[in-house]
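Enquirer: Just passing along the structure, written as structure tokens.
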Amino acid sequence: MVAAAIGGTVDDGEPVGPSAADEAAMLADDDMPAVTPPPARARSGSGPLPSLDSLVSRIPAPTRSALDERLRARFVRVRKLKPGEML
């Protein structure tokens, strides 16, 4: 056995790290909020999708111009996304 610098003992080949108690204490002191996925949005009506032209017209002209100039973005279709597809 090899004595670890943090006071515990470790068999050859095992990683040296904090004990379960040390890790629990560290996590208890953590002031970062827990990461939780956003709640699933309720499905909107199953009515027809808006036309591509009506959606593109909602984008401000300077933004459309910048997309075209920098990204050569083209809007080609409208489709519904499956739940979780944009996560």
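Enquirer: Examine the range 22-30 for a residue that is open to solvent by 100 Å² or more (accessible area, probe 1.4 Å), modelled with pLDDT of 75 or more and within 22 Å of the chain's Cα centre (by Cα), and state whether such a residue exists.
Expert: Taking every residue of the range 22-30 in turn, at least one turns out to be open to solvent by 100 Å² or more (accessible area, probe 1.4 Å), modelled with pLDDT of 75 or more and within 22 Å of the chain's Cα centre (by Cα).
Enquirer: How many of the residues in the range 41-80 are open to solvent by less than 100 Å² (accessible area, probe 1.4 Å) and modelled with pLDDT under 85?
Expert: 6
The values are calculated or read from the model by the stated rules, or taken from the named source; none is laboratory data. All values derive from a computational prediction rather than experimental measurement. All accessible areas refer to the heavy atoms of the entire protein, side chains included, with ligands and DNA or RNA removed. Shrake-Rupley method; radii C 1.70, N 1.55, O 1.52, S 1.80 Å.
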